[in-house]
Every structure is written in C-alpha cells, then in structure tokens.
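Below you'll find the structure, written out as structure tokens, and then a few comments.
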Amino acid sequence: MARQRDRETDVPTRGSRGTTPTGHVAGSAILGAGVVLRPAGDDFDTPVAAAAARAARVQHHGEVVVPRPSSPRVITVANQKGGVGKTTTTVNMAAALSMFNLKVLVVDLDPQGNASTALGIPHPSGTPSIYEVLIGEVELAEAIQTSTHSPNLWCVPATIDLAGAEIELVSMEAREKRLRRALSEETLTDLGIDFVLIDCPPSLGLLTVNALAAAPEVLIPIQCEYYALEGLGQLLRNVELVQAHLNPELHVSTILLTMYDGRTKLADQVADEVRNHFGELVLRTMIPRSIKVSEAPGYGQTVLAYDPGSRGAMSYLDAGREFAMRGDLTLVSPEPAEPGDEPLSPDGPSEQKVQQQ
C-alpha cells in the first residue's frame, strides 16, 4: 500500500520513495523559497485522494502571503531554442503568481499566439493586440484582456498580424524600443500591475530585441536534455549587446530548469552543469516532465487550471512563489560588449560566464 500511495500519473522522479520532483520528501515544509503546498503522502490511501488534497491546497492557499514588489517587475522569458517550455513557463508562472493575489500581465510577442490560447484569450485577426500596440495604433490598456482563469491574470494577445511586424518595424523610429515605451513604469503603475511576463518567439529577431529592450530582467527556461545549452551562449551574447546599446539595466535574473525526468542520469548531469555555471540564478524548484503540463494548452488552460493536483502544477506554483519571494538578482557581465557590435548581428556564442554581483 505504501508503494501504491506514492504513484502518480506524471513521470516519476529519481531518489527514494516518496520524493518530489526536486528530491524533497513529500510533505516537506521547505522547497525553494518557502512552504510547499503539498500534503504528506502517508495521510492518504490512494493516489487519487492525494491528488485531490493537493488540488485543494492549490485552490485554497490563503495562509501563503507573497508581498507585492515595490514597483512593477518586467521579465522577458527568452530562449531562441524551440521546445524548451518557454511559452509553457510564461503562462504557468503568470498563473502561479496571480494565485498569490498579484496582478500579472502576459505580453504575447510570439506570432503563433500560443500564450494567448493557453490563457483562454480569443485572438482572431483584427483583435486589438500587441501588433497594434507596437505600431502605435492603440494604447496598451486598450489591448489588455482578462484571462478566463483568474481576474488577476491579464494578457495582451498576439494575432497573425504580428508575423509581419518585424518588416514594418524596420522603417519606424526607435524600432527597438516600441515595446519599452508601451510598458512604461507609469503606465503599469496606473493599471496596478505587479508583474509583466513577455513571451518571445523562438528567434533572435527584432521582436525579441524589443522584448529585451523593454525589461530589466530575463528569465531563461532550460530543458534538462542534451541540447539544452546549445545556443545559450549566443543568447547571453545578445543580452550583453542589448545591455550595451539599448538597455543598460538588462540582466539575466532567473534560470528555470524544465522537463526534468528523474529516471535519467542525463537530467541530473544537465541540472548540475547549469547550477555550477549559473549558481544562484537557478531556481531550486525544477519543473518535471509531465503529461498534464503538455495536455493543458489543448484545452486552452494553464496546468494550474487544468489539473491543480498534478506534479507539474505544484512545481510551477512552487517556482512562482520562489521567484516572487527572492526578488530580482542583479547581475553584471565580466566583459561588456564591444562598441562596434550590433544587437541584431551577434558574432557568435559567448564563452563568458554570467557572474553574480
């Protein structure tokens, strides 16, 4: 019976029986930045009962208090490598933060509009969207829609019109700072927004440069697989270039390990390598590879709405709380970019390590 109680529908993790995706004992009081909203497995006779109890904890967590930031935090979620869980991380981190009574805005900057879909936001062509905001046709407040999942969760959707935005922006004045102007601190404060998460396309084009120029912080999701670090040097190099030319405040503040499969040694090796390289930037909470996380977008939902009792939902809730509680980590690069470098034409992968100030 003890073995049966520990089974879950999601991918099991490495370590002893009854451990969570990050290796902590189920029911432990500490994970990441604070209290885990997870009941001890020994209190329930079946996996269904344990999942139901976890879901109840997610939906009724009034005892957990996360303070509001002193000013709106704007975070770009970027990784030019596709399939690393960038959009999934954006919408689920946003949903997790909104559950702590924080006002969260998701800016969908990917022409595919997957973040808009996951948040239940209709985005047919012609809908006021981030495209109209970038070209100056509408103000930010006019394009914001409230997610069907939470009154605290808002979204500026992306439509198919955004696909041609990079071409149109080329001839516009201050083309790299169009999004930054729209997301001014005064505007966000007037709207009462605590966090802004920007979902980028899987490329290093003008839309991604706009996102990097608009936010002080960069959150990089990294999958725990073989090719996880491939191209990461180029992304860090572009962060340095944008920092040098467009946004001096820009820095990588957070690394989130995703798609962790504890059955493989490779996942542990990748996680260890990332932690050794980036240190305190890496959240202690890892996101396990989970069927529920993959299924949720098909129903136009985040995993916290689709199956709040799943390991994926609990992990994103833990990650969101840890991210909010620890605040911004200010970092510097050991060697600034050369004056002649251009943000849109990186010389190649960077071998420098980001160091904590």
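The values are calculated or read from the model by the stated rules, or taken from the named source; none is laboratory data. Note that the structure is predicted; figures quoted are calculated from it, not measured. Every residue, glycine among them, receives a Cβ derived from its backbone with ideal geometry; neighbour counts consider all protein chains shown. Keep in mind that these areas ignore ligands, DNA and RNA; they rest on the heavy atoms of the full protein, side chains included. Shrake-Rupley method; radii C 1.70, N 1.55, O 1.52, S 1.80 Å.
Things to note:
- Here the Karplus curve 6.51 cos²θ - 1.76 cosθ + 1.60, taken at θ = phi - 60°, turns the phi angles of the stretch 301-314 into couplings of 9, 7, 5, 5, 8, 6, 8, x, x, 6, 4, x, 5, 5 Hz, with x standing for Gly and Pro.
- Accessible area (Å², per residue) of the stretch 162-202, counting only protein heavy atoms and a probe of 1.4 Å: 48 Å²
- Other-chain or far-sequence residues with amide H under 5 Å of residue 106's (modelled H): 154, 155, 156, 197
- Residue 275-residue 226 FRET efficiency (beta carbon distance; Förster radius 22 Å; 0.05 resolution): 0.80
- Tensor-based shape of the stretch 158-269 (alpha-carbon gyration tensor, a/c under 1.5 rounded, otherwise prolate or oblate): prolate
- Pair-distance distribution P(r) for the stretch 261-330, from all Cα-Cα distances in 5 Å bins starting at 0: 3, 16, 20, 20, 19, 15, 7, 1 percent.
- Whole-angstrom gap from the stretch 147-219 to the stretch 99-123, using each part's C-alpha centre: 11 Å
- The dipole here belongs to the stretch 184-339: it is taken about the Cα centre, uses +1 on the Cβ of Lys and Arg and -1 on the Cβ of Asp and Glu, and is about 640 debye.
- Charge dipole (Cα centre; +1 on Lys/Arg Cβ, -1 on Asp/Glu Cβ; no other charges) of the stretch 75-191 amounts to roughly 480 debye.
- For the stretch 164-316, the residue among 255, 171, 213 whose Cα projects farthest onto the positive side of the dipole built from Cβ charges is 255.
- Cα shape, the stretch 192-322, gyration tensor, a/c 1.5 rule: oblate
- Cα-centre dipole for the stretch 278-330 with unit charges at Cβ (Lys and Arg positive, Asp and Glu negative), debye to 20: 120 debye
- Share of pairwise Cα separations in the stretch 172-215, more than 13 Å, in percent: 55 percent
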